[in-house]
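K.L.:
For reference, the structure I am asking about is given below.
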Amino acid sequence: MKKENIIDKVWNAHIVQQKQGHPAILAIDFCLVHEVTSAQAFDTLRERKLPVFDTKSLLATVDHSIPTRKNRHEIFDEMAKAQVQKLRDNTKEFNVPFYDMDSSHQGIVHVVGPELGMTQPGMTIVCGDSHTATHGAFGAIAFGIGTSTVGHVFASGCLLMNKPKTMQVEFTGEFQPGVTAKDAVMKLIANIGIGGANGHIIEYTGSAIESMSMEARMTLCNMSIECGAVAGLIAPDKATYDYLKGKKYAPTGDSWNKAIAYWESLKSDSDCCYDKTIIIDVSDLNPMVSWGTNPQQAIEINQTIPKNTDDMSKNALDYVKLSINQPIKDTKLDWAFVGSCTNGRIEDMRVTAAILKDKKIAEHITFYVVPGSEQVMAQADDEGLIDIINSSGAEFRMPGCSMCLGMNDDKVPAGSRCISSTNRNFVGRQGTGSITHLASPATVAASAIAGKIVSPIAYFNQAGEIA
Amino acid sequence: MKAIKKIQGIAIPMNMTDIDTDIIIPAQYLTSTSQTGYGQHAFSRLKSDPDFVLNQSKYSQAPILITGANFGCGSSREHAVWAIKELGINAIIAPSFADIFANNAKKNGLVLIQQPQDVVDKLFNDAESSELILKIDIENQTIQYYENTLEFTLSEFFKHCLINGLDELDYLMSNIDNIKDFKQKQVSNSLFINRQ
Ligand code: SF4
């Protein structure tokens, strides 16, 4: 039999129909829905008088345009308010499961899906959001789609697509304490560029992946889109099953055993092929920080801004007010942010709190810590993290996308410089005129204390714990 | 969808690479729930520069955009495609496009034409030095300008949809019985959602 990798296996298991010269009709198992990219898709259903094909394969929540202050029910922006209300109305009319504020499961789509156990190995998962690759951490093919395609999935449970190429990214070695999955994926993007994986689905493999928690794997897969990949995934293993067991939509009893047997069969065959393979050794990797206006413009924290003469880099340097050969370390900051679908999970809250414990952030820094979901918030509260974070002078807020994209109340002011655990440092991404430096939550927390960009490594002991 | 067979008119040279979707349409304009009204905000961050190419009146309603590699990278927001279409642009020529943007373009009859870097560079030169009129023939997959003819590839299926004004959703719905059968089998073999 032909040797197959996990991408081939999951893809092939979802082909409803493949005609010569046509894209495949690909069955979609799970579609996440949020307020920004769904209204026009529901309109399509109404215009064509079509029902939702399978309401139980959908899951909706609000995240992008909502406020994260305490009284978040009150949305001051009239358009955002109408958009949120529209989702409430649409999910009601079409009978789509909806986790609204205070349902105890509201949050960023990519945090909520896994935590409810809807995200499972071997699935095809879509959402009108480019960071859908997050769900690939469970061994699913998960990718972002536009609103028209959301409409197609609503109506038919399928979409049309040509099979992407496959790429293996192997992370070898072991991280030094204080270096994380975020740093690994930023290194990958810096190496291959923002278009480096265009047209490919990535399978992440290697020793560094095996030892990663599910949270870390989600961080890694999340940023696959930043090197242009259609999706990124990791084969399921014990960590995956341990995470899923007991979650709301995870199978139970006999069905659980059947599921594990199927999921195990999805692993890539030994000697399978990929269209491309890249190997990155993480043993000597340092924490990464972006310096420019796209995620590829990033360096290790002890490096200086490279000499690059293309227009793109020159424009970027003008925008971020930095220059060639300048060290990125010690760059003075105004804002800090931990949150988003990249780093808004419980582990991220834990590492942030551990670094902030019994310390104060620098006086001139405003630091928002925003949980990815109501579940993350509840757990952070149980573990006493919220108090620790607030006592440091940082502000723990309500769940949502917050400062990740500059479309709700949380924005970095024009000209201000923010170190951020998010995934994009595009011009104006965190608000018009804002300057973003991407980094891991550990780097963000350490830098917030210092008031400038610093490495978090000093906070970690040899065992990788924060002393 | 409207059938499109030919696109003809002035080409806009936007000589930049990696134009991302936050540049095409910033997130602050995404709170609208309608499919229109985005054109006025297209490229708004670049428009504050008086030298930006789209600030030149000769390019208002120009139907073809020539631009650099990896156009449309970033977010999945289809609003980016809607905004560009509202500017009157029906075709984009570039060395490469980001995947989600390319998929979204297809759903809206925005024709993306991939050409090698050196060809795109030449088109930039020509369009920057004088008004460049291109004739794009979808059926024959050619671009004509002056005496030159360039060829381009389009997926067979997309071309079929484009010249016949067909819609992907119609195609999917015409296969709905197959889809239902498929999904039925899946539930007993390979899907394990606990639906309660
Ligand atoms: S947190 Fe940021 S990247 Fe993630 S879904 Fe929200 S806006 Fe998109």
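K.L.:
Among the listed residues A:250, A:197, identify the single one that is crowded, with 24+ Cβ neighbours inside 10 Å and either touching a Gly at 6+ places or on another chain (Cβ under 7 Å) or part of a helix (DSSP H, G or I) (or both).
P.N.:
Answer to the check: A:197.
K.L.:
Can I ask one more? Being charged (D, E, K, R), more than 15 Å from the chain's Cα centre (by Cα) and under 16 Å from residue A:137 (Cα atoms) is true for just one of A:187, A:238. Which residue is that? Reasoning before the result, please.
P.N.:
Values: A:187 fails: under 16 Å from residue A:137 (Cα atoms).
Of the residues listed, the single one that is charged (D, E, K, R), more than 15 Å from the chain's Cα centre (by Cα) and under 16 Å from residue A:137 (Cα atoms) is A:238.
K.L.:
Looking at A:118, A:167, which one is touching a strand residue (DSSP E or B) at 6+ places or on another chain (Cβ under 6 Å), assigned to a strand (DSSP E or B) and within 14 Å of another protein chain (Cβ to nearest Cβ)?
P.N.:
A:167
K.L.:
Just checking, does the stretch A:444-455 include any residue being buried (at least 24 other Cβ atoms within 10 Å of the Cβ) and under 17 Å from the mean Cα position of the chain (by Cα)?
P.N.:
yes
K.L.:
When you check residue A:295 against the structure, is it in a loop (DSSP other than H, G, I, E, B) and surrounded by 21 or more Cβ atoms within 10 Å (Cβ to Cβ), yes or no?
P.N.:
Numbers: in a loop (DSSP other than H, G, I, E, B): yes; surrounded by 21 or more Cβ atoms within 10 Å (Cβ to Cβ): yes.
Yes, satisfied.
K.L.:
When you go through A:382, A:358, A:348 one by one, which is the residue that is at positive phi and either among the acidic types (Asp, Glu) or in contact with a His (Cβ under 7 Å, 6 or more places away or on another chain) (or both)?
P.N.:
Only one candidate qualifies: A:358.
K.L.:
Can we say residue A:175 is aromatic (Phe, Trp, Tyr), surrounded by fewer than 24 Cβ atoms within 10 Å (Cβ to Cβ) and more than 30 Å from residue A:51 (Cβ to Cβ)?
P.N.:
For residue A:175, the condition - aromatic (Phe, Trp, Tyr), surrounded by fewer than 24 Cβ atoms within 10 Å (Cβ to Cβ) and more than 30 Å from residue A:51 (Cβ to Cβ) - is met.
K.L.:
In the stretch A:301-346, what count of residues is obtained for those that are touching a residue at least 40 places away in the same chain (Cβ under 8 Å) and either buried (at least 19 other Cβ atoms within 10 Å of the Cβ) or in a loop (DSSP other than H, G, I, E, B) (or both)?
P.N.:
22
K.L.:
Something else about it: What number of residues in the stretch A:49-73 are facing chain B (nearest Cβ under 10 Å) and either within 16 Å of the ligand (Cβ to nearest atom) or at pLDDT 95 or above (or both)?
P.N.:
6
K.L.:
Could you identify the single residue in A:41, A:24, A:13 that is away from the ligand (no atom under 16 Å from the Cβ), in contact (Cβ under 8 Å) with a residue 24 or more places away in the chain, of a type outside the set (D, E, K, R) and facing another protein chain (nearest Cβ under 9 Å)?
P.N.:
Values: A:41 fails: facing another protein chain (nearest Cβ under 9 Å); A:24 fails: facing another protein chain (nearest Cβ under 9 Å).
On inspection, the qualifying residue turns out to be A:13.
K.L.:
Determine the pairs where a residue that is in contact (Cβ under 8 Å) with a residue 60 or more places away in the chain, located within the stretch A:241-256, has a partner that is surrounded by fewer than 13 Cβ atoms within 10 Å (Cβ to Cβ) and of a type in the set (Phe, Trp, Tyr) with Cβ atoms under 7 Å apart, the partner being 6 or more residues away or on another chain.
P.N.:
Filtered contacts from the stretch A:241-256: no entries.
K.L.:
Within the set of pairs 6 or more residues apart or between chains, which connect a residue that is touching a residue at least 12 places away in the same chain (Cβ under 8 Å) and within 25 Å of residue B:78 (Cα to Cα) inside the stretch B:104-121 to a residue that is hydroxyl-bearing (Ser, Thr, Tyr) and in a loop (DSSP other than H, G, I, E, B) with Cβ atoms less than 8 Å apart?
P.N.:
The qualifying pairs are B:104/B:76; B:114/B:96; B:114/B:153.
K.L.:
Given the options B:38, B:59, name the one that is more than 29 Å from residue B:148 (Cα to Cα) and among the hydroxyl-bearing types (Ser, Thr, Tyr).
P.N.:
B:38
K.L.:
State yes or no: is residue A:341 touching a helix residue (DSSP H, G or I) at 6+ places or on another chain (Cβ under 8 Å) and within 16 Å of the ligand (Cβ to nearest atom)?
P.N.:
So residue A:341 fits the description; yes.
K.L.:
Among B:27, B:42, B:11, which is the only one that is assigned by TED's automatic domain parsing to the domain that holds residue B:123 and touching a His at 6+ places or on another chain (Cβ under 9 Å)?
P.N.:
B:27
K.L.:
Shifting gears a bit: Does residue A:427 count as under 20 Å from the mean Cα position of the chain (by Cα), closer than 18 Å to residue A:449 by Cβ and touching a residue at least 24 places away in the same chain (Cβ under 8 Å)?
P.N.:
No; evaluated as a whole, the condition is false for this residue.
K.L.:
Could I ask something else about it? Scan the stretch A:301-315 and give yes if some residue there is of a type in the set (Val, Ile, Thr) and either within 16 Å of the ligand (Cβ to nearest atom) or closer than 18 Å to residue A:444 by Cβ (or both), otherwise no.
P.N.:
The answer is yes; a qualifying residue exists.
The values are calculated or read from the model by the stated rules, or taken from the named source; none is laboratory data. Just so it is clear, the structure is predicted and the values come from calculations on it, not from any experiment. When we count neighbours, we look across all protein chains shown, and the Cβ atoms used for this are built from the backbone with ideal geometry, even at glycine.
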